[in-house]
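**Student:** One structure, pasted below without further comment.
The values are calculated or read from the model by the stated rules, or taken from the named source; none is laboratory data. Here the structure is a predicted model, which means the values were calculated and not measured. Please note: Cβ atoms are built from the backbone with ideal geometry, for glycine as well, and neighbour counts cover all protein chains shown.
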Amino acid sequence: MKTVLVTGSQGFIGGYLCRELLSNGYRVIGLDNYSKYGRVKRDYDTHKNFKLRDFDLAERWAMEGLDNKLAAWKVDYIIAGAAMIGGISYFHKYAYDLLATNERITANTFDAAIKAFERGPLERIVSISSSMVYEGADTERDKIDDMASVSCCGPGNFRDPESVWPSQESDVGILPSPNSTYGFQKLATEYFCKGAQEQYGLPYTIVRPFNCVGIGEDKALGEETVYSGNVKLQMSHVLPDIVNKILRGQDPLHILGDGNQIRCYTHGKDIARGIRLAMESEDAINEDFNISTSRETTVLELAEIVWNRIHTGRKPFRVVNDTPFTYDVQKRVPDVKKAFDKFGFTAGISLEESVDEVVTHMEAQRESNSA
């Protein structure tokens with residue numbers, strides 16, 4: 001039985017990941033400082049092969065001896081998922097902290113991983129990056145459009161603006177750097193991987209989840225209070241936000257921007273399975289992968305799916321467009337071929353299934369809270 005250390009084990013993706021690993025025969029050690037949701041309890045906390053440690057990876061003093069603990073725990077893999085993370089309003093409220101705190105977490109994690117690799121038995125670190133590293137695709141599209149508009153020869157002599165999508169893993173080295181501090185720091189975590197491998201030989205795998213959806217995402221501590229119409233944004237993540245507003249009777253429904261923002265909503269179970277497969281694959285060593293569904297969905301389309309699921313045709317679908325946030329990237333679409341070719345990953349849970357699960361869960365929460 002191999003042992004996996006999961007940092008940020010009590011978080012949203014961390015929860016799905018721990019369940020995936022435990023159900024596939026791994027021993028899991030979770031590190032979390034409860035800074036995201038407070039002292040939440042997860043269903044896997046009492047699993048016989050799960051051990052949880054209250055640990056703040058941002059604090060340098062707390063790191064003393066962690067490499068020794070990794071050796072004593074016989075950790076074979078580290079999955080680095082701990083980070084300050086939130087919805088789009090989070091990017092604005094914590095613009096500096098997202099950079100500074102996450103950089104401390106990353107550096108401390110890699111320091112321990114390098115020593116653990118040198119001493120053994122650590123085999124690899126898996127770094128959870130983000131689709132936000134492709135934030136520059138919007139900038140690139142606009143640049144291409146501008147170049148074409150001023151060209152005497154017409155747009156035919158320039159790259160098709162749509163060719164920046166779907167984003168391939170190799171695009172990271174070509175696209176402009178992310179504008180948000182969160183996206184920029186996630187890109188930095190990838191360079192930690194490359195630097196540690198080049199200097200110390202530490203093997204790595206980089207995974208980039210796209211728009212995780214599912215249940216278990218509670219309201220974050222310190223989340224910015226932002227109203228969308230007469231209802232507070234629900235964690236500023238689009239699916240629970242839309243569900244919450246419709247359940248509260250908002251009509252017309254308020255959505256950020258024009259609703260044409262395109263995302264690829266991927267269930268947490270699929271993301272967790274993709275991360276596990278990448279961790280297990282020898283072909284994934286020192287490689288990076290998009291972990292996502294290939295289905296493109298606009299925010300407006302998502303809103304209508306949720307609306308029809310809740311109202312079942314009893315009310316016409318109506319929307320009001322609110323002013324979007326600065327870092328509301330207009331299009332994030334991945335190329336998913338590499339993950340399929342290397343270790344056979346493909347997302348299997350449909351958006352409709354995800355919506356049904358989230359709506360059912362949030363309806364039950366509302367009934368419980370009102371009881």
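Residues checked against (1) without any contact (Cβ under 8 Å) to a residue 24 or more places away in the chain; (2) assigned to a helix (DSSP H, G or I):
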{"site": "Ala303", "(1), (2)": "no, yes"}
{"site": "Val329", "(1), (2)": "no, no"}
{"site": "Asp341", "(1), (2)": "yes, yes"}
{"site": "Ala347", "(1), (2)": "no, no"}
{"site": "Glu353", "(1), (2)": "no, yes"}
{"site": "Glu357", "(1), (2)": "no, yes"}
{"site": "Glu363", "(1), (2)": "no, yes"}
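**Student:** Also: Select, from Glu363, Glu353, Glu367, the only residue that is touching a helix residue (DSSP H, G or I) at 6+ places or on another chain (Cβ under 7 Å) and over 27 Å from Thr181 (Cβ atoms). Write out each step before concluding.
**Tutor:** Working: Glu353 fails: touching a helix residue (DSSP H, G or I) at 6+ places or on another chain (Cβ under 7 Å); Glu367 fails: touching a helix residue (DSSP H, G or I) at 6+ places or on another chain (Cβ under 7 Å).
Going through Glu363, Glu353, Glu367 in turn, just one is touching a helix residue (DSSP H, G or I) at 6+ places or on another chain (Cβ under 7 Å) and over 27 Å from Thr181 (Cβ atoms): Glu363.
**Student:** Does Lys337 count as modelled with pLDDT of 95 or more and either of a type in the set (A, V, I, L, M, F, W, C) or surrounded by fewer than 20 Cβ atoms within 10 Å (Cβ to Cβ) (or both)? First the steps, then the outcome.
**Tutor:** Working: modelled with pLDDT of 95 or more: yes; either of a type in the set (A, V, I, L, M, F, W, C) or surrounded by fewer than 20 Cβ atoms within 10 Å (Cβ to Cβ) (or both): yes.
Taking the combined requirement at face value, the residue satisfies it.
**Student:** When you scan the stretch 1-114 for helices (runs of 4 or more DSSP H) that lie fully inside it, which ones turn up with 1 or more residues that are free of Cβ contacts under 8 Å to residues at least 24 places away in the same chain and of a type in the set (D, E, K, R)? Explain how you work it out, then say what you get.
**Tutor:** Values: elements: 12-23, 66-72, 88-93.
Helices (runs of 4 or more DSSP H) meeting the threshold: 66-72.
**Student:** Check Leu52, Leu22, Leu57, Leu70 and return the single one that is surrounded by 13 or more Cβ atoms within 10 Å (Cβ to Cβ) and touching a His at 6+ places or on another chain (Cβ under 6 Å). I'd like the intermediate steps shown before the answer.
**Tutor:** Values: Leu52 fails: touching a His at 6+ places or on another chain (Cβ under 6 Å); Leu57 fails: touching a His at 6+ places or on another chain (Cβ under 6 Å); Leu70 fails: touching a His at 6+ places or on another chain (Cβ under 6 Å).
Residue meeting the stated conditions: Leu22.
**Student:** Conditions first: (1) at pLDDT 95 or above; (2) among the charged types (D, E, K, R); (3) in a helix (DSSP H, G or I). Glu162 passes all but one, so which condition is the exception?
**Tutor:** Unmet condition: (1).
**Student:** Could I ask something else about it? Does the stretch 272-329 hold any residues that are among the β-branched types (Val, Ile, Thr), in contact with a helix residue (DSSP H, G or I) (Cβ under 8 Å, 6 or more places away or on another chain) and at pLDDT below 95, and which are they? If you could, list the steps in order and put the result at the bottom.
**Tutor:** Within the stretch 272-329, the subset among the β-branched types (Val, Ile, Thr) is 275, 285, 291, 293, 297-299, 305-306, 310, 312, 319-320, 323, 326, 329.
Restricting the remaining residues to those that are in contact with a helix residue (DSSP H, G or I) (Cβ under 8 Å, 6 or more places away or on another chain) gives 275, 291, 293, 297, 299, 305-306, 310, 319, 326, 329.
Thr326, Val329 - these are the residues of the stretch 272-329 that are among the β-branched types (Val, Ile, Thr), in contact with a helix residue (DSSP H, G or I) (Cβ under 8 Å, 6 or more places away or on another chain) and at pLDDT below 95.
**Student:** Only one residue in Phe345, Phe317, Phe325 is of a type in the set (Phe, Trp, Tyr), in contact with a strand residue (DSSP E or B) (Cβ under 8 Å, 6 or more places away or on another chain) and crowded, with 19+ Cβ neighbours inside 10 Å. Which one?
**Tutor:** Within the list Phe345, Phe317, Phe325, the selection yields Phe345.
**Student:** Next question. Looking only at the stretch 5-19, decide whether some residue is surrounded by 14 or more Cβ atoms within 10 Å (Cβ to Cβ), at pLDDT 95 or above, among the polar types (S, T, N, Q) and over 14 Å from Ile79 (Cα atoms).
**Tutor:** No: the stretch 5-19 contains no residue that is surrounded by 14 or more Cβ atoms within 10 Å (Cβ to Cβ), at pLDDT 95 or above, among the polar types (S, T, N, Q) and over 14 Å from Ile79 (Cα atoms).
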